[in-house]
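What follows is a single structure, written as structure tokens, with notes after it.
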Amino acid sequence: MKNKLKKTGIILLSFSFLVACNKDKFATVPQIKFISLSPNSWSADNTSLSGPKLKFQITDREGDLGWQNDAPSYVYIRLSRDITEPYDSLRFPSMQLADPSNLNAEVEVDIAAALPPPHFPRPYMDTIFFDVYVKDRANNQSNILRTPEPFFYYTP
């Protein structure tokens, strides 16, 4: 009898472990994970047509992100040192080519519009970390990620 109870306990424990490990990795609330910020430095007088790019991995069960039929979703970003300031909203890139169900994609966003105005007096170098999150069209807010690597912003 003791052996039978022991075997039953082991089977139940194994089954619950398998069920716990098999959870759906796609949730209704979007989840984001930092990939890169490139380049990691920028000058306020840069005349390039595109700015630094923030790249992150996103998962979402419904994939209701991007712009669809004038229904927007945004990437929200702010300088991590300015926690009392509101987030800037940047247009979410097009997701038309992605399969909307169980979305698992890399997203790249130009963050030039979120950079602070040039600092006076000059020259000046600022070390910046960013806080970032997204909201889908159902208004579900993702986790907030903080860029793990510093971004160097120069005002020549």
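Some values worked out for this structure:
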| read-out | value |
| --- | --- |
| Single condition Met125 does not satisfy, out of (1) closer than 16 Å to Ser80 by Cβ; (2) at pLDDT below 95; (3) aliphatic (A, V, I, L, M) | (1) |
| Qualifying positions in the stretch 41-64 - of a type outside the set (A, V, I, L, M), on the phi < 0 side of the Ramachandran plot and within 17 Å of the chain's Cα centre (by Cα) | Pro52, Lys53, Lys55, Phe56, Gln57, Thr59, Asp60, Arg61, Glu62, Asp64 |
| Filtered residues of the stretch 102-137 (kept if over 22 Å from Ser89 (Cβ atoms) and in contact with an Asp or Glu (Cβ under 7 Å, 6 or more places away or on another chain)) | His119 |
| Subset of the stretch 55-109 [modelled with pLDDT of 90 or more, farther than 14 Å from Ile144 by Cβ, among the basic types (Lys, Arg) and in contact with a strand residue (DSSP E or B) (Cβ under 7 Å, 6 or more places away or on another chain)] | Lys55 |
| Count of residues meeting criterion [surrounded by fewer than 17 Cβ atoms within 10 Å (Cβ to Cβ) and not in a strand (DSSP E or B)] in the stretch 59-86 | 11 |
| Qualifying residue in the stretch 70-89 (condition: among the polar types (S, T, N, Q), within 15 Å of the chain's Cα centre (by Cα) and under 14 Å from Val134 (Cα atoms)) | yes |
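The values are calculated or read from the model by the stated rules, or taken from the named source; none is laboratory data. Just so you know, these numbers come straight off a predicted model, no measurement behind them. As a convention, Cβ positions derive from the backbone with ideal geometry for all residues, glycine included, and neighbour counts pool all protein chains shown.
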